[in-house]
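Here's the structure, in structure tokens; my notes come after.
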Amino acid sequence: MNNVDRQAQMMDYLYGEMTDQDRREYELWLDQNPSVRQEIEEMQTSRQWLADVETVQPSPLLVELKPQTGISRAWLYRAGAAAAVLLALWMFNFQIRTDQGGVILSFGNPVLQQPQPVEETDAIPAAVWEKFLAEHQQKLEQQLLSMDSSWQNRMVAMQKENKHQWQLITNNQAHQVAQVKKEFTEQELPRLAGLMQQLQIEQQEELQLLLVEFWNTWQETRQTDLEHIDFQMTNLYEDVERNQQASEARVVNYIQNVAGR
Amino acid sequence: METPDHKLIRQAQSGNRSALNQLFGQWYPRVYNMAFRYFHDEDLAADVSQQTFVAIQKSLPQLRDPQAFKSWLFRTAINCCHTLARRRHRHQASMEVISLQPKRDQPVTPYQELDRKERSRIVLAALQEIPEEQREVIVMKEYEGLKFREIAEILQLSENTVKSRLYYGLKAMRKLLEDCRLHKDLLYE
């Protein structure tokens, strides 16, 4: 037994993949080979250690099997692009103003009116500037929040609108399918049934004609065959008669010859 | 005769999403645990499970014989393990072996306090130390309880090669765990 066979047998024994007969024989052999038995016991210890490994609870399977719901990716891209455009407009200080009956679109800083000359005053205290800046910042933050909220509302509204549109399309499709079904059942089906019936009648008639034709042909053939057989039989009879006469003549001739001698 | 499992596979093949979910739910813990024992890493186990089931979902309609599902699933999982292991070895120069360093200078007594979790951790760490081809056979045999014939089919090897790898794997495990002084007397007090 080579090394690989010996290892294979050992593994079969260790994992109970041996027939009863083989196991008994192997155990008898092990009795004579204590070193191999020792090796098997060591393997068994390894197995006991391995059995100590706990089974872990897997985290949920992340394979996406459910159909996608919610806002589609395309709409998210569109919303993102729209938000980017609005942000850019805001950053460049885009304005729409009406002036003397017309609409003015402008970018950049607004044209300031010529400042009225002011009287020189003392420098504004730092605290006042800080307060002014803080107020301004707060105002801007509020505006941003309001924009954000407005966008969220618009997104939700768009989503709702999409859902509604989708529902309408689905309903419309269902209605159209039902209409087609109804039309088919009421109009097309009777027409098809009529056609089928007509086709059936035509086929029956054709079959009958074929049968008659076949019968006639068969009758003719039969008559011809009978006549042929009759003719053959007559010929045969005549042949037999002729042969008989010839034979009789030969016999008479033979008798006469014998008697003459 | 068609078993309920085979019926489930057939339904999943025909596009029944609920059957597919049920089928995956049934096999996912086994694949996950196999990968976890292979890598001793929950994130990698999750990656392997994910990749395996994505591959299975993609190719399920092409499976002709539902009886071959189990072998096919494990073959896919083990291939994913190999791929991830190769990628990991490329990026990681050395494995984390802190827990497996032989502690010859320490007294034996601390090991008596090892609880089941700790023993489990050590054994799994030891598994990471043996060669990949021995580890995968041990995982499939010890934890998945597959027959030698099935493992041979999955790994596309001869049965004798599988047995030989298992033999050397068990020997290597014993050597490693003995180096850690994880004696059975201490383990099974």
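Structural remarks
Listed here are the residues, each with its yes/no results for (1) touching a helix residue (DSSP H, G or I) at 6+ places or on another chain (Cβ under 8 Å); (2) open to solvent by 20 Å² or more (accessible area, probe 1.4 Å); (3) under 22 Å from B:ARG88 (Cβ atoms).
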residue: B:GLU129; (1), (2), (3): yes, yes, yes
residue: B:GLU132; (1), (2), (3): yes, yes, yes
residue: B:GLU136; (1), (2), (3): yes, no, yes
residue: B:TYR143; (1), (2), (3): yes, yes, yes
residue: B:ARG149; (1), (2), (3): yes, yes, no
residue: B:ALA152; (1), (2), (3): yes, no, no
residue: B:ASN160; (1), (2), (3): yes, yes, no
residue: B:LYS163; (1), (2), (3): yes, no, no
residue: B:LEU166; (1), (2), (3): yes, no, no
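- Restricting attention to the stretch B:37-51, the residues that are in contact (Cβ under 8 Å) with a residue 40 or more places away in the chain and closer than 15 Å to B:VAL123 by Cβ add up to 4.
- A:GLN167 being without any contact (Cβ under 8 Å) to a residue 60 or more places away in the chain and closer than 25 Å to A:GLY80 by Cα: yes
Yes/no matrix, rows are residues, columns are (1) hydroxyl-bearing (Ser, Thr, Tyr); (2) under 15 Å from B:TRP72 (Cβ atoms); (3) at pLDDT 90 or above:
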| site | (1), (2), (3) |
| --- | --- |
| B:MET1 | no, no, no |
| B:LYS7 | no, no, no |
| B:SER18 | yes, no, no |
| B:ALA35 | no, no, yes |
| B:GLU42 | no, no, no |
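- Restricting B:ARG87, B:ARG75 to residues that are modelled with pLDDT of 90 or more and of a type in the set (D, E, K, R) narrows the list to B:ARG75.
- Taking the stretch B:6-55 as the range and being among the basic types (Lys, Arg) and more than 11 Å from chain A (Cβ to nearest Cβ) as the test, the residues that pass are B:LYS7, B:ARG10.
- Yes/no for A:ASP52 being within 14 Å of chain B (Cβ to nearest Cβ), at pLDDT 90 or above and surrounded by 15 or more Cβ atoms within 10 Å (Cβ to Cβ): no
- A:ARG6 being closer than 21 Å to B:LYS147 by Cβ, in contact with a Gly (Cβ under 9 Å, 6 or more places away or on another chain) and either open to solvent by 30 Å² or more (accessible area, probe 1.4 Å) or within 11 Å of chain B (Cβ to nearest Cβ) (or both): no
- Check on B:ARG116, open to solvent by 10 Å² or more (accessible area, probe 1.4 Å), within 10 Å of another protein chain (Cβ to nearest Cβ), more than 16 Å from B:ILE78 (Cα to Cα) and not acidic (Asp, Glu): yes
- Enumeration of residues in the stretch B:16-36 that are of a type in the set (Gly, Ala, Ser) and either buried (at least 18 other Cβ atoms within 10 Å of the Cβ) or in contact (Cβ under 8 Å) with a residue 24 or more places away in the chain (or both): B:ALA35
The values are calculated or read from the model by the stated rules, or taken from the named source; none is laboratory data. Quick caveat, the model's predicted, so the values are computed rather than measured. Reconstructed Cβ throughout: ideal geometry from the backbone, glycine too, with neighbour counts over all protein chains shown. In case anyone asks, the SASA skips ligands and DNA or RNA and just uses the protein heavy atoms, side chains included. Shrake-Rupley method; radii C 1.70, N 1.55, O 1.52, S 1.80 Å.
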